[in-house]
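Read-outs: derived from the displayed coordinates by stated rules, not from any lab. Owing to the predicted nature of the structure, the values given are computational and were not obtained by experimental measurement. Every residue, glycine among them, receives a Cβ derived from its backbone with ideal geometry; neighbour counts consider all protein chains shown.
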Amino acid sequence: MQSLSKRAKVLEKKPMTLAERAYLPAIFQGLSITMRHFFMKKATIRYPEETRPFSPVFRGLHVLKRDEQGRERCTACGLCAVACPAEAITMVAGERKKGEQNLYREEKYAVSYEINMLRCIFCGLCEEACPKAAIYLQADKMAPPRYERDEFIYGKDRLVEPADPDKRSKRGIQLTPEQASSLKVQLQTA
Amino acid sequence: MALETLGWQGLVILVVFGLSLLIATYCTYAERVIAAFLQDRVGPDRAGPYGLAQPLADAVKMFTKEEFFPGGANKALFIFGPCLAMVTALMSSAVIPFGNFLKFGTTVVMLQGIEINVGMLYVFGVVALGVYGIMIGGWASNNKFSLLGAIRAASQNISYELAMGLALIAVLMMSGTLSLREITLQQSVPGEWHFWNIVKQPLGFIIFLVCAFAETNRTPFDLPECETELVGGYHTEYSSMKLGLYLFAEYINVFVASAVMSVLYFGGFNFPFQYELSEWLHTSRGMSVDAAQNIISILGAVGFFLKIFAFIFFFMWVRWTLPRFRYDQLMRLGWTILIPLAIFNILLTGGLIFTGVIPEVKQWWLASGMAVR
């Protein structure tokens, strides 16, 4: 048969040499290889104590952002729910009352906002659709495994980031140092 | 033998018994960790610190599993098989000298279950009995795979015991005794050209080592339980702690084989510069002869266990490196290579003793067995 790649090697079956028949040289060669591996760095990552390093563009657990005054950015327009190919997002919109200006940035806000993490495919289209820079997929957090299905439906209690500037997510619009310090003062007085 | 001495020896036997079980228990853990390390993994590390409670968890699992009896099995023999394997494995460690002796006043405690002058024969006899445990278990299972595994175990053990015995004969020719304690003491005669038997018997050691692998049914000679061909070999039908006993017996056999090899070829409880150390303790530190001897004995026992652990590690290292032999390769290696080599080794040793290259043993030395003169 004609060789296509011209890299084929024709092997002849030769009788084994004395060293090959004695097994021992090959055995010591094998033992030295495994001993090298004994001292090598281990590939295991001891999850949950250790986690695999995340890529900076990793799309993990969602976060609902707050603005520089600690107000929720989301205005419940529903564009994320429309953009979602897995139909994982549901929300109920409500009108902001008087005296709630320090809670919600826009006049309309999400009374409830739920993402079903079992449906979500973490494509990030909600992030792209959002006109208010309110929803982001975090690069350093994943939706953890749970025992019950209903525990995978994340409400606002688990999605909205804390107002404290130090505990905020690293994704999305970040506060300047001045904004952060003034927000801290504002939170302490409140 | 005085009653008090008998009590002390009973204690030693209990300690040896407990130690064999403990070491076998942790061999299961060590096997998994070493296997993992050789494969770039970390092994069990969840149960307890560094996974050290893993053997306990395994034992709980083994005890709580269902006791299964296959249909048509001979129930009595089915239970008797693993018991026999376990009993013979535990019996063989009785004659191994784990250390020299401790002396408290007039009481002398040998760090050895029992000293008999046919120690090596006893070990051989008991280890050969161990294959009955496998044979009976495999036959009583009423399963073709089990029976095949059992037959393989029997023929393999018979073939390799021959080469093993012939390799041993060369050692016995030099030592002139079957007592393991005397063989140990001979490897450290003070003031003479002396060293461990490995220097005088390198070829014999390699033959003995290969045969030890076959005798303990460890890879590359684990054909009796060859998973790829025989499901589980002789313990295919076993479950619960009966399976546990078989696995345990294998590890105890590995421990005993390591101990025997340490005694025969690596000086047993002797360690380098023990006489210099005891002289120094006696003269410079002003210790009594007995106290110095006790310290040397304890250090020797520790050293002996280090040698055993090194051998156990080697057993595991080989297991996770080499693939299994084919059955005809196994038989060819045993009958056409190892046995002729062992016979050649006997002739060579005889010639060396005849020409005086290997010196005669000083019998005066054996009578006392003290590290301090």
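For this structure, a couple of remarks:
- In the elastic network of chain B, a GNM with C-alpha springs shorter than 10 Å, the most mobile of B:246, B:265, B:26 is B:26.
- Test item: Cα-centred dipole of segment B:157-240, Lys/Arg +1 and Asp/Glu -1 on Cβ, debye: 480 debye
- Around the Cα centre of chain A, unit charges on the Cβ atoms of Lys, Arg, Asp and Glu (plus for the first two, minus for the last two) sum to a dipole of about 1140 debye.
- Inter-chain Cβ neighbour count for A:44-54, averaged per residue, equals 1 (cutoff 10 Å, partner chain atoms only).
- Between the Cα long axis of helix B:274-283 and the first principal axis of chain B there is an angle of about 40°, rounded to the nearest 10.
- Max mean-square fluctuation residue, GNM over chain A, Cα-Cα springs under 10 Å, options A:45, A:173, A:115: A:45
- Shielding by partners - mean other protein chain Cβ count within 10 Å, residues of B:309-318: 1
- In segment B:63-150, chymotrypsin sites (Phe, Trp or Tyr not before Pro) in a DSSP loop with at most 16 other beta-carbon atoms within 10 Å: B:68
- The listed peptides A:127-134, A:28-35, B:292-299, ordered by packing as a protection proxy, come out as B:292-299, A:127-134, A:28-35 (highest mean of other Cβ atoms within 10 Å first).
- Listed residue pairs exceeding 26 Å between alpha carbons, taken from A:98/A:167; A:98/A:170; A:97/A:167; A:42/A:141; A:9/A:42; A:97/A:170: A:98/A:167; A:98/A:170; A:97/A:167; A:9/A:42; A:97/A:170
- Residues whose amide H comes within less than 5 Å of that of residue B:99, counting only those at least five positions distant or on another chain, are B:111 (H built at 1.01 Å from N in the peptide plane).
- Vicinal HN-Hα couplings computed from phi for segment A:2-17 (Karplus, 6.51 cos²θ - 1.76 cosθ + 1.60; Hz; Gly/Pro x): 6, 7, 7, 9, 6, 10, 5, 10, 8, 9, 9, 7, 9, x, 5, 6
- Of all DSSP beta bridges confined to chain A, the antiparallel ones make up roughly 85%.
- Least to most buried among B:164, B:135 (fewest other Cβ within 10 Å first): B:135, B:164
- Charge dipole of chain B about the Cα centre (unit charges at C-beta), most positive-ward option of B:26, B:267, B:104: B:26
- Charged-residue dipole, Cβ positions (Lys, Arg, Asp, Glu), the protein assembly as shown about Cα centre, Debye nearest 20: 1440 debye
- Chain A - percent relative contact order, Cα under 8 Å, separation 6 or more: 23 percent
- Sequence-distant contacts, meaning Cα pairs under 8 Å at least 6 residues apart, place the relative contact order of chain B at 23 percent.
- If you take the Cα centroid of segment B:27-77 and the Cα centroid of segment A:131-183, the two points sit 44 Å apart.
- Sorting A:37, B:235 from the fewest to the most surrounding beta carbons within 10 angstrom yields A:37, B:235.
- Segment A:2-32 and segment B:247-305: distance between their alpha carbon centers, rounded to Å: 45 Å
- Against chain A, whose longest principal axis is taken from its Cα atoms, helix A:24-38 shows a tilt of about 10°.
- Between B:51, B:99, B:300, the Gaussian network model of chain B with springs among Cα atoms under 10 angstrom shows the greatest mean-square fluctuation at B:51.
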